[in-house]
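Nothing in this text is a laboratory measurement; each read-out follows from the coordinates by a stated rule. Treat the numbers as computed from the prediction; the structure is a model and nothing was measured. With ideal geometry, Cβ positions are generated from the backbone for all residues, glycine too; neighbour counts draw on all protein chains shown.
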Amino acid sequence: MLKRFGMTLPGQVYAGEGAMEAAAEIVRKEHVKKIALFTDKGVRNAGVLDELNRILERENIMCQVFDQIPSEPDYHQVQEVADSFCREPCELIVGAGGGSVMDTAKLVSVLAGERHRVEELLEDSSLAKKAVPTLMIPTTAGTGAEATCNSIVAVPEKKLKVGIVSPELMADYVILDASVLNNLPFRIAANTGMDALCHALECYISNKANPFSDTFALAALEMIFSNIEKACRGGMEEKKQMLIAAFYGGVAITASGTTAVHALSYPLGGKYHIPHGEANAMLLVPVMRMNEEACRRKLAVVYDRALSDGETQRSEKEKSEAVIRKLEELAKTLEIPASLNRYGITRGDVEDLVKAGMDVKRLLDNNPKTVTEEDARSIYLGLIDR
Ligand SMILES: NC(=O)c1ccc[n+]([C@@H]2O[C@H](COP(=O)([O-])OP(=O)(O)OC[C@H]3O[C@@H](n4cnc5c(N)ncnc54)[C@H](O)[C@@H]3O)[C@@H](O)[C@H]2O)c1
Ligand SMILES: [Zn+2]
């Protein structure tokens, strides 16, 4: 008998050619006169918002722009953004950017009403209550934050990143328009594409996996393995596939949950500011090697679904090894750094990393193999001096 499971989805999702035009439909439907547009400088300078701005202008919508959202913000920075939003309240919150922008926009939507502070939500996420409807437009492919009930903030005091999880954070509207990915640089595409891969694979092997998450995770894996390399090198058709796959990865997170890759990456982001996707990409192979025996059958399914060359004679072990080899190959072709030393991390830092990583129980509990301190230590040490 399956344990109880369920899933939450965004209210309405628009995708495909010209999907951005749905922004007009949304502002009319919500009777909006003024929106708050959350974004960042990188997104703005890449020309990503030009089309959206044209549509909003045509619809006579006033636009309060918050374009100072920092990459992977800490909770104090999110609070500052929320405070300035509350001085200029608007009727719709639009988050157009990567996970950093979308997570901030989602949090502001639940901070604006009761004026709770972020630290209160870190203590008790049930206080979150959405005050303003939200539209998410992902511009990396990506975190899938447009499809999750999570917002991740850095907590400097803990040297960790922490997820605030509440159904109130789910987007009301999502626009998946791949034209926003036109000028996405290789390095960012590679990091965020590997993050989407981690979401799908981790949710599939997670202890919380269920038929809903499996459906989205396997579809995402199939799309990501076939498209990630060409998408990172600029292929537009492949980018379209990656945008959908990243969304599926987000749906899989909401229905299931990530595991030890994300748990052990939180201190790398929280203390050393390694970009989220890059930290996960570095950890993926060693964590999957640790997990291989515990999830061999599932990795064999991933192989059959996403990587098989039609050869039916292989054993489960051969198939699961082939999946891990593919992950290794991808890390090389996408030029994922092999060593933590480039971030100034040395062997002397490992005990603090182990301690912080082992604290991310919310995600470690999902891992198919129980992760011991010794496991975490050997994974971090394996990424140093190589
Ligand atoms: N809420 C969730 O479910 C969830 C899931 C995974 C990750 N996250 C969080 O998301 C954050 C990471 O987000 P991210 O990986 O998308 O990166 P990001 O949002 O930090 O953006 C990285 C860089 O890419 C630039 N950029 C974004 N889109 C661009 C485009 N189309 N063209 C050119 N440049 C562009 C930005 O300006 C920025 O400099 C982390 O804080 C992570 O913890 C959240
Ligand atoms: Zn992630």
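Observations
- Residue check, G142 crowded, with 19+ Cβ neighbours inside 10 Å, within 14 Å of ligand 1 (Cβ to nearest atom) and in a loop (DSSP other than H, G, I, E, B): yes
- Filtered residue count, the stretch 346-363, keeping only those that are surrounded by fewer than 21 Cβ atoms within 10 Å (Cβ to Cβ) and of a type outside the set (D, E, K, R): 4
- Lone qualifier among E318, E328, E335 - being in a helix (DSSP H, G or I) and in contact (Cβ under 8 Å) with a residue 12 or more places away in the chain: E328
- Exactly one residue out of V108, V78, V48 is of a type in the set (A, V, I, L, M) and near ligand 1 (Cβ under 10 Å from one of its atoms): that is V48.
- Residue that is surrounded by 24 or more Cβ atoms within 10 Å (Cβ to Cβ), hydrophobic (A, V, I, L, M, F, W, C) and within 12 Å of ligand 1 (Cβ to nearest atom), where the choices are A128, A147, A154: A147
- Scope the stretch 24-54; condition touching a residue at least 24 places away in the same chain (Cβ under 8 Å) and more than 27 Å from the chain's Cα centre (by Cα); matching residues: R28, E30, H31, V32, K33, K34
- The residue of the stretch 57-76 that is nearest to E278 (Cα to Cα), among those that are without any contact (Cβ under 8 Å) to a residue 40 or more places away in the chain and under 27 Å from the mean Cα position of the chain (by Cα), is P70.
Yes/no matrix, rows are residues, columns are (1) crowded, with 24+ Cβ neighbours inside 10 Å; (2) within 15 Å of ligand 1 (Cβ to nearest atom); (3) more than 21 Å from K161 (Cα to Cα); (4) among the aliphatic types (A, V, I, L, M):
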| position | (1), (2), (3), (4) |
| --- | --- |
| C198 | yes, yes, no, no |
| T215 | no, no, yes, no |
| L218 | no, no, yes, yes |
| L221 | yes, no, yes, yes |
| M236 | no, yes, yes, yes |
| Q241 | no, no, yes, no |
| G270 | yes, yes, no, no |
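- Qualifying residue in the stretch 167-174 (condition: charged (D, E, K, R), in contact with a strand residue (DSSP E or B) (Cβ under 8 Å, 6 or more places away or on another chain), farther than 19 Å from V48 by Cβ and within 12 Å of ligand 1 (Cβ to nearest atom)): no
- Counting only helices (runs of 4 or more DSSP H) that fall entirely inside the stretch 7-66 and contain at least 3 residues that are within 29 Å of F216 (Cα to Cα) and away from ligand 2 (no atom under 16 Å from the Cβ), the qualifying elements are 22-29.
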